[in-house]
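Everything below concerns the one structure shown next.
The values are calculated or read from the model by the stated rules, or taken from the named source; none is laboratory data. All of these numbers come straight from a predicted model, not from anything done at the bench. Cβ: placed from backbone, ideal geometry, glycine included. Neighbour counts: every protein chain shown. Accessible surface areas use protein heavy atoms only, side chains included; no ligands, DNA or RNA. Shrake-Rupley method; radii C 1.70, N 1.55, O 1.52, S 1.80 Å.
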Amino acid sequence: GTEALVQSAQMGNITLAAFLLDSGVDINATGLEMNPLQMAAHQAHLEMVEFLLIRGADINTSAYPGGGCTALQAALRSESPDEVAALLLDKGADIFAPPALVGGVTALEAACYGWAYSMENNISLCNRLLDAGALVNRPNGRPSSVLHGVISEGWDEILARILEPQRN
C-alpha cells in the first residue's frame with residue numbers, strides 16, 4: 001500500500017491517493033527513500049502536495065539517509081520548484097533540516113544549484129531562504145555546494161549575499 005501511495009504521488013493521481021489513504025495506508029510511513037509528500041514535491045505536483053498536507057502528511061519528515069531529501073529539498077531540486085517550494089515554506093517547512101547522509105543537499109544548496117529551468121525563480125527562492133536565515137555552511141561542518149552553485153550560475157547578487165560577514 002505504501003509503495004502504491006508513493007506511486008500515486010509521483011503520478012499526481014489524487015483519486016488513487018485518496019482511495020489508498022481511506023483504505024488505511026500510512027501517509028507518513030518510514031523507511032522509504034521518498035515518502036508520498038517528498039515524491040509529490042519532487043515531481044512539482046502542487047495539487048498533490050496540498051492534498052497530502054490536508055490529509056496529515058508530515059511536512060518535515062527527515063531525509064532518507066541514502067540519497068533522500070525532505071519535501072522542501074525535493075521541491076527545490078525539481079524542474080519547477082517555485083509554487084511547491086513556496087507553499088511548503090508558507091506551511092512551515094524546516095529550512096534548516098539536515099541533508100541526507102549520502103548524496104543529500106540542504107534547502108539552500110538545492111535552491112542555489114540551478115536544478116530548475118527558470119533561474120529567476122531559483123534566485124527568488126535563494127533570496128527567500130537567505131532572508132529566513134538559511135545557513136550557507138552545512139550544520140555538520142562538511143563542505144557546502146552553495147558557493148560553487150552560485151558562482152557556476154553567475155548569480156552575483158546571491159554571491160554577494162552569501163559572502164556577507166554574518167553568514168560566516
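Quick notes
- Sole exception among (1) over 17 Å from Gln43 (Cβ atoms); (2) modelled with pLDDT of 95 or more for Ile59, by number: (1)
- Checking the stretch 110-118 against the condition returns a match, with at least one residue being within 27 Å of Val6 (Cα to Cα), under 11 Å from the mean Cα position of the chain (by Cα) and of a type outside the set (Ser, Thr, Tyr).
- Qualifying residue in the stretch 49-59 (condition: part of a helix (DSSP H, G or I) and surrounded by fewer than 18 Cβ atoms within 10 Å (Cβ to Cβ)): yes
- Yes/no for Ala97 being over 18 Å from Ala44 (Cα atoms), crowded, with 17+ Cβ neighbours inside 10 Å and out of contact with any Lys or Arg (no Cβ under 7 Å at 6 or more places or on another chain): yes
- Here Glu109 passes the criteria (1) farther than 22 Å from Tyr64 by Cα; (2) touching a residue at least 24 places away in the same chain (Cβ under 8 Å) except the one numbered (1).
- Comparison of Arg167, Arg142, Arg77 shows that the only residue that is open to solvent by 30 Å² or more (accessible area, probe 1.4 Å), touching a residue at least 12 places away in the same chain (Cβ under 8 Å) and farther than 30 Å from Ala18 by Cα is Arg167.
- Condition check for Glu109: open to solvent by 60 Å² or more (accessible area, probe 1.4 Å) and assigned to a helix (DSSP H, G or I): no
- Asn60 over 18 Å from Asn13 (Cα atoms) and under 14 Å from the mean Cα position of the chain (by Cα): yes
- The residue that is most open to solvent (accessible area, probe 1.4 Å), counting only those in the stretch 31-46 that are part of a loop (DSSP other than H, G, I, E, B) and within 18 Å of Pro99 (Cβ to Cβ), is Glu33.
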